[in-house]
Structures are given as structure tokens and as C-alpha cells.
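Shown next, in C-alpha cells, is the structure this report addresses.
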Amino acid sequence: MYPAPIHRYSRPLTLEELYALLNSNDDDVLVLAGGQSAMQAVKSRMLRPSHVIDLQALSELKFIRTKKGTLTMGAMMRYVDIVSSDLIPLELAALQDAASRVGDRQVRNRGTIGGSLCWNYSAACTPATVLALDGKINLISQGGSTRQIAADDFFLGPLETARSESEILLSVDFKLRGAKSGSAYKKWGLITDALPVIGMATCLHFDNTDRCKHVRIALTGLANGAERCTAAEAVLAGTDISAEKITQAMSAACEEVSTYSDSIATAAYRHQLIKTIGSDVLNIAKKRAFGLA
Amino acid sequence: MELKDEVIIGADREKVFRALNDPNILKQAIPGCEAIEKTSDDNYNATVVSKIGPLKIRFKGQATISESNFPSDYKITGEGRGGPAGHAKVVASVSLTEKGKSTRLTYVVQADIGSKLAQLGGALVQKTAKKLSTQFFEHLNTLLSSNSLAEKDTEEISMTNSPTTNWAKVGAISTILVVGILAWIVSK
Amino acid sequence: MAKIAIRINGKLFQEDIPERMLLVDFIRESANLTGTHIGCTYEGVCGACTVHLDNEAVKSCMLLAAQADGHDITTVEGLAQGGELTALQEAFKSEHGLQCGFCTAGILMNMTDFLKQHPNPSEQEIREGLIGNLCRCTGYVHIVNAVLKVVQENQLKKA
Amino acid sequence: MSQEHGKDWMGAPLPRKEDRRLLTGKGKYVSDIVIPGALHAVFVRSEYAHAKILSIDTMEAEELEGVERIYVGEQIKHTIKSMPQPIVQPNLPAHYPTFWPLAVDKVTFHGEPVALVIARNKYIAEDAAELVFIDYEELEPVLDPEEALKPDATIIHEKDGTNEIFSMTFTGGDTEESQAENATEVEQIFQNAPVVIKERFKTHRTGITPMEPRAILCDWDDSDGLLAYITTQRPHIDRLALSDILDISAEKVQVIAPRDQGGGFGIKAPFYRENIIIAYAARDLEQPVRWVESRYESLMNVGQERDQINDMEIAADLEGNLLALRNFGLADNGVGTVGVYWGFVMPFLGAIELPNGYKWPKADIRLKVATTNKACLTPSRAFGHFPTRFAIERCIDMVAHKIGMEPSELRRKNLVADLPYTSITNEYYDSGDFVKVWDTLLEKADLTNFRLEQKKALSENKYVGIGFGCGVELSGVASELFVPMENQPGFGAATVRLDPRGKVQVFGGDAPGGQGHETTTAQVVASEFGISPEDVIITTGNTGSTPFGSGSVGARMGSYFISAVAEACRQLKTKITKILAHDLQLEASVEHFEFKNGEVIYLGDDSQRSSFLSIVERIIMFPINMPEGETGGLDVTSFFEAAKPMICFNADCCVVEVSLDTGDFKILKWITAEDVGNVINPLIVNGQMHGAIIQGISNTVFEEFVYDEQGQQLTADFEHYKMATAADVPNININYATTPCPHTPLGTRGIGEGRPSSVPGALTNAVCDALRPLGIEITTLPLRPDAIWQKIQEASH
């Protein structure tokens, strides 16, 4: 299958050029980052852009910076860049867990964090990871005005996000809690590194009494896309994340979250995966928080 | 794929039934409805564009009314073709019951989806179907409860169709035809 | 139509092409380099179309040709220099790392890039590096042997 | 391999001659072949599993600039003969459905071709295909083989009056009475047998999709006729079929299967309806027409096989002697609209091969094949007997478990010990030593040590298991089986032609897809003539220049084709030595000479010799002073037919570790023992075994064609039809335990066709062995963690 006719391809060098293009209010504009998801839709003609804006030249969006306790990652950071970066603390290791297992080498050489967050497919790794890490998504509109949305409010269900068509995702901020913080992501998809049937990301922060003061857990592979497990978080908050507490938390997660069946796995098996993957990521995050990983 | 739900509409049963059978109201209520055209007493053609995230699928289809008993219940069968996305066929049984001055509307939808839509995975389609149906009934509610639609207007509309028409036979498409459209495109 | 200029295996190709033309079609039909193959449709999973874009392995069926304008592409035809096969190509020959050959170009391009990033990979790392290349004939055993052979040869050279 | 290697090219791990061009991107597959001005074809396919075609509106599509023609069923119904046609129809009693290249009146599966758009380029063709609007009236889809055979079921092919396309009883002779009598005798044995296992085994719909989808490029010329480049394993059969169906006199039809094909594995063996309409269009438009199948179309139309239910029963005594086998098989055939195989030929052969390598005193084996609204089954490596082999290898393990005997012991005890042997379904096992292969496997598997490790692992709450399986596989298909089964000859045919420079050209009518024919043939010819493999080239797949052959099917290379090559070489050697003896005034014939290192040497006195080059040049260029009755020229075509059908035999052992938490399992070891007869090139034989075993594992665990309740095919891309990647499968340890085949000139056997069939049984046996403490028996594929986990849940409550 080949794409439907495309009438215009442009490659802005700066954000200003990009806004000018967005202002030209052609209809059916597709902003292309890595293109690993969008091109599937374009080739199957489910997406029929007439104007493709390619962000590959926007070096302004390719960066990782840490300032005043916040790490900011540009939208055009590719998975391969995230995996190989040494600027990412163990606290955000989940980002590297996820990035290192998305698709395959060739996909990771192209796919970007910004593209994945905007596409927000229900069985993707990046949205759930950014959700668990309480990422703040920075958007900029044509006029140049920016706004920041918490991940909790950004993902609105499969392929739906709070970004409007005239907005561009600039970067994602991650507040660093420093010592005794750790995160992890893991998924299962029958085939190694395949789309997650179930994937889970978690971020833990322990106080100096080794109690977990801050815990966030997010799942992917559910019908509604990336979703927090607040019930499980409540079970773990303030505890030492013991094996027994983890088991309790994962049972709470299974109660809270509805799963569906398909030819690869039944709803019940998806719940079982929540339990097994859940205890893995929580233990890894805990070890990383205490520098033992 | 099966979808069951009920919703309270802020108007009496007769008004709701007529609204559900009135193409002008439906055009505003159905999300993404571009055109509705009555082809015969019980049949309509419609073009509806379903927007899911960045994807827009234009559905051209027909709907047929059957087993229509004013003002309590009726059945609508809609079939739409979405080009490369494939097709969707929907059979919805709608029933209206009095609830004080409002109406409780319950609907049972059986949707068959084909080609790429089917490959989308039932769960995603179910999710979208639910969302589109709620949107439809929200619009319907605002249209009916807001007095922008005085009693007279509905009379006028019906008169222009055909004075002798028996209300029960007037065709209508419910948004449920739109049910079942979502692109599965996987992200990497 | 878009005016593009892409350097493939060192040779510049300047063409006016429809914006919707895929890079793999540009390589196969405009540059007449048919060593790069198409094994799947829109899903971009099989990896038979893998080429180098600025020395990084990418799937050329998932890129518009316009996206490669101004870049350097290397295809399987560009690996051997002056008739001299690369060490990886020689290893595929001696270890019988191919049978029908349809997936081979994509694997050679991916593994050439992989070995630059991972000079000393374990067998499991090699197998995970191959996730983006489906092969139906070999069961991957001889392919992994061929990559391991190049790794050992490089170590000997270094020692 | 240096020149003086001389005689022993046989068995040399020679790097392949094919590799250089394939490694440098110089391969030429059908989709790479360019004929200037070729038009591009795109099929418009059915979105419904079962629906009447009310109308097809092509008006808008035809107006699109660049569209040349659009064909629909109603038009071509009067201008193209419908299938079936005798040339592509077996001699088996069945209800052969009538169909045309494009659907007529109604569509019968999701993905069936309904219209064909032909345009200047493929982008325009696809744009136009979207503007073809088909109005359907949906019909009730028939999707379950058991439902399909019920009296009240909707009939898919109305004219046949039934959904039972084929049924047969394979035991108890040919008459109903003798079969009924046999059935009662078998029932008697089951009544008084101390041990009876009765299980329903289900194998899902899966198969072997090659990396290169189908493609065809046709050119037409009023005088020369039709030239068709096709991805096919059977060019000579395609040629006859195209000639018959399109009424083009056969001498004006040439089919070329390029020497580079991206794998076949069976799916490029049938004669497909798409080829008919593309060839028709080339002639009709008098322009070259090219169709390259998309993966989406491919997964909806071909590569679907297995899909059987086998209700199997085994009777045995307490000492582990197998007394009787009973099996009622039911295959889901899909619509049956594929030439040559029609779907049911696979389950037919699967039933014949069901008894596998075991001695069965008595058996009652029957099969029914049901038509459903799914794609027709197409041949996939382990032709029809992947499901029956899964059933019997699992059932044997259950018998062993019931009488407390090691499964490997029970197998060894019942393996056919002395060959030749005729199986209970009249399959002839010509030669081999099954027990020697089995003992070789057991020696490598080291079962006793494993059982100790297993016990230790269990104490640490780790569940490891070992599983066995074996397979008697076809080594080529003899005419004795080929003629009744596919109405075609089984002989192997090869032309060997020497030229005055001492180089050899070999011509074969088959069409390989990566098996290394160019290298294997060169090794054999070099070994026969004592020259170097570099001096030998081979041409295959071109009906214009190669002798007639039934195609690359059923492991014909090592069995039939290479034997024809060897015989042709030997006929030439007889002629060469007769003329050399004459020149040297020697009373001698071929057995008195040796062909070595480029020379022909008289054994009686090695000073009497000639270079190979000079004697060959003499016979071709200077054919004077020739012995009585001899002419010049060295060019022989030989047809090889084995006295009896031939087999090969293999055995698998695998070790797995199963996680109780998730049912997920890891394959720790895969060990095999192979009787592949004399090996020509071990690299190539090992490659065939690795590929087949990994295909078997991928079919068993990962791949599945899924249809929903409306008959919509949900797995038409590689995101949903999941194939094993390198990271999902283990290394394979191949061991040889060969017995030279006495019925081929080189003692070689055809290998690789049936090889995946012993994999599902061995792998599932290993998982069940690991979970023995929980008493879990798995009888349904795919073998997925979810299903295993649920069995673990059921067992622990």
C-alpha cells in the first residue's frame, strides 16, 4: 500500500519557520517527528495528510538539560539518544528501560519521545513511562505562547491527547527528587520487545527513614491507553515497599484496572502480568533508589 | 461487539422520539456529521467524519428504521463504508421510558466492523464507540433542553416533510452508525 | 512534485518526485538499486528495506524520499568497495548466513551499523540487535554465527 | 576448496556460489525485473467473509488519469475458463468448487479478489482501487468446520450441495465393507486393551509465509505469445495451466521462475487465480503487466495451513506395546479455491503420514475436510502432517506417562526396526535405521543426567522438562504417489551439457527458492567428472530451456533432481571413456577409468590418461575416427524415477524451563539426530534443519491467523501475525545418524520438506514434562504462556 497523494513537504529549520508553516492553515497537516507510527497510518491511508511538516532539522528540540532540580528533554530526542545519554539519573532510568526496548534498532534510530507522546497509542511504552515519572509536557502554540500540562492531564485515551492541532510539543520536564529515588519500566508482548500486552512503569522516592514518600505507578496495554494505578500507589505510600506490600498493591491494581481479552492474551492473564511485571519493576526501582541495582 | 447503556434526556418521551427522527436535529447531534439526506420514509443516507486523534475517517452509509412504535421504541440498522478503513454495520435497539418530565433512553448496540477497523482490536473500537455515543446524547440533551428549539420549530420541520406522514415511519439515523471507527496504528 | 537530491553510495541522484514517494521506492526505482527489498506493507516490521541514513540503520519503507533529501544513504550495493567484500559479507558466505537472500541486504545493513555501536556483543545482544530483521529460511543460527565470527576476527586484529 | 580436492567434493562444506550476488544486492527477484512500459496491477479485495455482490461501480476509478483498465468478475466470466481445470486438479474424489480469477456472484472469504485495476504506476493503481465501490449483501459466514458439516449449515458453494469438500478412510482396504470390518476389529482391540488414551488435539491456523510475497510480470507478443516471470516452485505446471485456461497454444507460453526467489516453503507451489487474470490482461492490453503482492494481501490469501482437529485414540498394553491407533481428523479447508491443492490435498497427505515411524498392528484412520468462509489452505512446509504429527507425538507421551514408562523408551520400543516397511496407511518406508537415529539422539540428550538435574531443579521450585518427537518424512514424491495425488509425474529430470572448454551446464525444470541448488549440483558434477565446482553452472525454472519437471516440492533436490544429474553425468562418463579407450586402443570401459583432478586416468596403467578438457574437446569439436555407432556431442537429459517412494527420518529432543507465575517458558536446549542419507554439503543441510525447526517453533508458539465472528481476518500484517525473531528462538544442535539411501545413485535423500512436523510435539511434550508434578496435559496449539498459565491455575485449585 502506498500513501494517498501528498501535496507539500516542508522542513523548517527553526521554530519560527515552523509557526509560519502552521499558520498557513492548510488543512490536513501532519507534523512528522520520527515517523515510525505516523507513517504506518499514512501508508495504510488511514491518515491522508496533504502537507507534511518534517521536524528533523529542528536542532532546538534535540537536547537534555538539567537545571534547578529539573531535567528537560527536547521532543526530538530519539530513543537511541535517550538510551546512550549519560545525563539521565537512575531516578529516571525507566525512560532508558522503555527507550531501549521500543520496536527494534532501526525504529529506535528514528522514533522520538515527542512523536510517541503525541501519537499516544494504547500499547506504547513512552506515555506510561512519562506518566509514572510525573512528566510535565511543554506545548507551544503558533503565536509563540507556551503552556505546561501534567502528564496526568495530557493523555485522554488511545490516540487522543490534550495537544491541539495548532500546538507543538517542545519538551518534557522531569522534577528530580535526588537521592533515594529510582524508577523502572518493563513490558511483555509474546515476541521479545513487541508492543506491550501489558507494560508497567514506576517511580519511587524514599525519605531518610527509608519510607516511600512518593510513589507513582502507570500501566500501558489497557483499552484506555496509559493509566495510573492510584489504588496500588495508596497501598505502597509510606511503606518500605516490602514484597508483601508489593503483592497487596498489585492485587489492588488488578481490582482497579479493567483489562480486555484478544487472541494474544485473556483479560485474566493481563491481570496476572500486572502482578508479575509489577513486582519486578517495583523491586528494580527500589534497588535503584538505594543504589543497589 | 456489544454496547449497552442508558442516559437521561431532559425532555418528554414524545419530544425525544421526534428529535431522534428529525434529520435536522440529528445533523447537529451526531459528532462529525457532514450530511444527512432522506431517501425514503424509512431510509437515510449520511456522511459522517469520525475524528480520532489525528485520524479522520469519512463514512458514507445508509440507515434504515424498523419496528418503530411511537413513542416507546424503534430499531435502526446503519451500514457505513470508510474507504481503506473498511466498513461498520450497526444495529441499535432504542427504547424510551418516562422519568418524570425527562426520558430514560436505553440503547443496545450490536456493531460489526470490518477490514482495518476489525484489525484495530475490539477493545479500542469499543472505547471509541462509547465516547461517540456519549457525545451524541450530550449534544441531543443540550439541543432538547435548551429552549432554542421551541415547540413550533419541530412542528414546522415535520410539516414540510409530508403532512400525512405517520410519525412512526419517519426515518432517523442515530449517531450509533458512527460507532466503531478508530485507527489502530501502532506506535513504536 | 518535490525536487530532491540524495547521495546514494556516494553518487548524487537529483530528481523531481511526488511528495508521497517512499525512500525505498526512490532507491529501487529512481536509483535502480534493487538490492533493497520490500517484505511487508504498512507495518514496517520485516526490516528487508533497511539501509543507512547518515551511517545509521533505518527502514527505508518508513521514510518519504523527501525526508532523505540532502542526506547520505548507503545500500547493500555500497558495502563492498572495489569488489572487496566486507568482513561481515565474507562471514555470511563462510558461515552460510543466507539462503534465499531476500532478507540479507537488510540484515547486512543493520548488523554493519550494530557492530560499530557494539564492537564486542554477546550472542544474546546480537540476537536482540536482529529483532528488526525477520528471516524465514535460516532460523537465524548461521546469521548469529557469522556476526560472532566478525566479532572474534576484530578481537584477534586488536590483540 | 582447492583443485586437488578432486573426488571428495561430496560432503564438503563449500561456501555457496549463489552468495556473492545475493550479498552485494545483485540478486534478481521477480519484483526487481523491469520491462519498460509495464503497467501496474492492484486487486480490489472483498471486505466480507460471505456476501452477495449486488453491484460494482468502477466509473469514478476509470476516469482517474493513468488508469488503463478495470476488470470485474461479470466481464471475465465469459472470456476466461473457470476452474477447475484437469491440469491443476488431483485424481482424488472431491467437490471441486467452480471459480474465476475474480469473484463472480458472491465473495466467499475476506480478501478474495473482486476487481483488478491496471494503471500506469502503482500509486495511481492504488488511488483508483479506492474509488471502486462494491455493494454487498451480507450472508451468514460459516466459520467452524464442525458447524459447516451440520445438515442445517449454510452451503458456501451452492452447486456442490455440501460443505464437505473431501473425506476418506485410509485403513481397512478400499471397499466400505472391508473398512467397516476393520473398524470393528479395531474397536475390539480398544475394548480389551489395558491402556487407552483418547484425546482431542487441536492445531490452529498457521503456516510458513516466505519473506518475498507473490509476484508475476507478464509480457505479450502476438507472434511469440506469453512470457511470464512468476514467483513459483512449479514453472512447467504453471505454463501448461496458463496455456489450457487462456487457450494459448503451449509452444507460445514461456514461464520463468527467476533463479533468485525469496523462499517458497510450499506457498509458491499452487497455481493461483491471480496469475490467470494478470496474464489475460497482458494479452488483452498487449502491454506488459506487473503485480507485486502486498504483505496485507499475502497474509489474507496464502500461507494458511495446519488448522485441524484430530480426535485420536491409542490402545496399548502395560509393557508399552502399541496395539491400535484410531483417529478421526477434521480439517478447516477454507473456500478451496486454489489450483493444484484445493486445500484438502494437505490434510489428505497428513492422514497418510499420521502413523509416523511406529509399528501399528491395527488402525482406523479417517478424515473429513470442511469448506468454510476463510482463505483456502495452501501448502506449508510439513505438508498437512504438522497437526497429525503433533497429535501422535503428544498421544504417545500420554500413553508412556500412563504406564509409567520413559517416553523415549516407549518410542524406541515401537519404532519400525526393519526396513523396508509398509505403514498401516500403505506409505512405503524404503530405507533407514530409525533405532540408530533414536539411540544417537538419546546419547546426546543424556536422559539419566537430565532426570537428576530435573529433580534438583524441582527442589529449588524450578520447573524444567524434556520432550521428544520424531518424524518419517518424504524424500521426494514418487510418481506412484504424485500421479494419483496431483495428476503429475514425480520423476526428476536434468540435462547435463559439456562444452569444448570442459565447462558443464546443468538444466533443471524445478525452481528453488534458496536451497542452494547451484552449489550442491556443482559439487556433485565436479565430484563425478573430477573437476572443480567453479566449472559448473546450473539453470533452473525456465520452461524455455529446462527439461519438464513437476517443480521444487516434497524435498525433490536430494532425492530426484540430484539423482537425475548424477545419472546424466554417468551416461556421459560412459561415452567419454568408450571414446578415450578407443583412442588409446584399450579394451576398457568406464569402470576401468578414474575421473580425478581434471584428468581421466586408466586404472590399469595410469600413464594412459587424458585431460578432461582435451577428451571433451575432442568428442565435441573433432568427432572423427569415432568408435562404431558413436556420434560427437556431450549432452544428456536423464529422467530419474526411484523404484519405490523414499523417506528420511529425524528425531528431536528439547529442554525447557517453565515459569509457574506466567506460564512463560524458555527453550534451554534443542538437540536433533538426522538420517539425511549421504550429505553433499553439510552447511546447506544444517541450514535447512535450523530453518525448519525454527519455523516449527514459530508456528507452534507465536504465529496464528485469527478470524473474528464475522469472518474478518485480524492478522493481515506482521504486527498482528507475529513471527519469531532471532531473540525468541534458541540455537540448534544438529547431529547426523545417516544411512545411505540404497535407491539413489549417490545414496542421498531429499531432506527438509517435512522437517518442522516433529517440533510441536517435542516442544509441547517438554512443557508437559516440566509441569508433570501438576499433571498438566496440553492438547491445543498455539502453545502460549496464557494457555499454560490457565492450565497451571486449574491444576493448583
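The values are calculated or read from the model by the stated rules, or taken from the named source; none is laboratory data. If you're wondering where the values come from, they're calculated on a predicted model, not measured in any experiment. For neighbour counting, all protein chains shown are included, and Cβ atoms are generated from backbone atoms with ideal geometry for every residue, glycine included.
Of the residues in the range D:732-755, at least one is closer than 16 Å to D:F386 by Cβ, within 23 Å of the chain's Cα centre (by Cα) and away from chain C (no Cβ under 14 Å). Listed by position, the helices (runs of 4 or more DSSP H) enclosed by the range A:150-259 that each have at least 2 residues that are within 14 Å of another protein chain (Cβ to nearest Cβ) are A:243-256. Scanning the range B:48-86 for residues that are part of a strand (DSSP E or B), within 28 Å of A:S164 (Cβ to Cβ) and in contact (Cβ under 8 Å) with a residue 40 or more places away in the chain returns B:V48, B:S50, B:I52, B:L55, B:I57, B:F59, B:G80.
Residues in the range A:116-127 include at least one that is closer than 15 Å to A:A151 by Cα and within 14 Å of chain C (Cβ to nearest Cβ). Within the option set C:I73, C:I17, C:I38, being of a type in the set (A, V, I, L, M, F, W, C) and crowded, with 23+ Cβ neighbours inside 10 Å holds for one residue only, C:I73. Only a single item in (1) surrounded by fewer than 24 Cβ atoms within 10 Å (Cβ to Cβ); (2) over 15 Å from the mean Cα position of the chain (by Cα); (3) of a type outside the set (S, T, Y) is not met by C:F26, and it is number (1).
Residue count for the range D:125-170 under the criterion of being crowded, with 17+ Cβ neighbours inside 10 Å, more than 14 Å from every other protein chain (Cβ to nearest Cβ) and assigned to a helix (DSSP H, G or I): the result is 3.
Return the residues of the range C:32-85 that are out of contact with any strand residue (DSSP E or B) (no Cβ under 7 Å at 6 or more places or on another chain), free of Cβ contacts under 8 Å to residues at least 40 places away in the same chain and charged (D, E, K, R); say none if nothing qualifies. C:E43, C:E84 - these are the residues of the range C:32-85 that are out of contact with any strand residue (DSSP E or B) (no Cβ under 7 Å at 6 or more places or on another chain), free of Cβ contacts under 8 Å to residues at least 40 places away in the same chain and charged (D, E, K, R). For the range A:134-149, name all the residues that are surrounded by fewer than 24 Cβ atoms within 10 Å (Cβ to Cβ) and part of a loop (DSSP other than H, G, I, E, B). Across the range A:134-149, the qualifying residues are A:D134, A:Q142, A:G143, A:G144, A:S145.
Evaluated against (1) buried (at least 20 other Cβ atoms within 10 Å of the Cβ); (2) more than 14 Å from every other protein chain (Cβ to nearest Cβ); (3) farther than 20 Å from D:E158 by Cα, D:L102 falls short on exactly one condition, (3).
The residue of the range C:86-100 that is farthest from C:V144 (Cα to Cα), among those that are among the small types (G, A, S) and either outside any helix (DSSP H, G or I) or facing chain D (nearest Cβ under 9 Å) (or both), is C:S94. With the structure loaded, tell me whether D:Y280 is touching a residue at least 24 places away in the same chain (Cβ under 8 Å), under 26 Å from D:R120 (Cα atoms), among the aromatic types (F, W, Y) and within 14 Å of another protein chain (Cβ to nearest Cβ) or whether it fails that test. Judged against the criteria, D:Y280 is not a match.
Apart from one condition, D:Q713 fits all of (1) within 7 Å of another protein chain (Cβ to nearest Cβ); (2) buried (at least 23 other Cβ atoms within 10 Å of the Cβ); (3) at pLDDT below 95; the exception is (1). Note on the range D:624-649: residues that are surrounded by 14 or more Cβ atoms within 10 Å (Cβ to Cβ) and farther than 30 Å from D:N426 by Cα total 5.
Just a yes or no: is a residue in the range B:36-43 touching an Asp or Glu at 6+ places or on another chain (Cβ under 6 Å) and either modelled with pLDDT of 85 or more or in a strand (DSSP E or B) (or both)?
no
Given the criteria outside any loop (DSSP other than H, G, I, E, B) and touching a Phe, Trp or Tyr at 6+ places or on another chain (Cβ under 6 Å), does D:I216 qualify? Judged against the criteria, D:I216 is a match.
Scan the range A:86-130 for residues that are closer than 17 Å to A:Y185 by Cα and out of contact with any Leu (no Cβ under 9 Å at 6 or more places or on another chain) and the total you get is 11. State yes or no: is D:L603 free of Cβ contacts under 8 Å to residues at least 12 places away in the same chain, of a type outside the set (V, I, T) and not assigned by TED's automatic domain parsing to the domain that holds D:I230? Yes, satisfied. Against the numbered list (1) over 23 Å from D:L143 (Cβ atoms); (2) crowded, with 17+ Cβ neighbours inside 10 Å, D:E74 comes up short only at (2). If you go through the range D:719-742, how many residues are in contact (Cβ under 8 Å) with a residue 40 or more places away in the chain and either part of a helix (DSSP H, G or I) or crowded, with 20+ Cβ neighbours inside 10 Å (or both)? Total meeting the criteria: 10.
You will find that of D:D244, D:D284, the residue that is over 18 Å from D:G339 (Cα atoms) and surrounded by fewer than 24 Cβ atoms within 10 Å (Cβ to Cβ) is D:D284 and no other. Consider the range A:79-108 and keep the residues that are crowded, with 24+ Cβ neighbours inside 10 Å and not aliphatic (A, V, I, L, M). The one that is farthest from the other protein chains (Cβ to nearest Cβ) is A:E91. If you go through the range A:111-120 one residue at a time, do you hit one that is under 27 Å from D:A727 (Cα atoms), crowded, with 22+ Cβ neighbours inside 10 Å and among the aliphatic types (A, V, I, L, M)? The answer is yes, given that some residue of the range A:111-120 is under 27 Å from D:A727 (Cα atoms), crowded, with 22+ Cβ neighbours inside 10 Å and among the aliphatic types (A, V, I, L, M). When A:L159, A:L195 are screened for being surrounded by 24 or more Cβ atoms within 10 Å (Cβ to Cβ) and on the phi > 0 side of the Ramachandran plot, only A:L159 passes.
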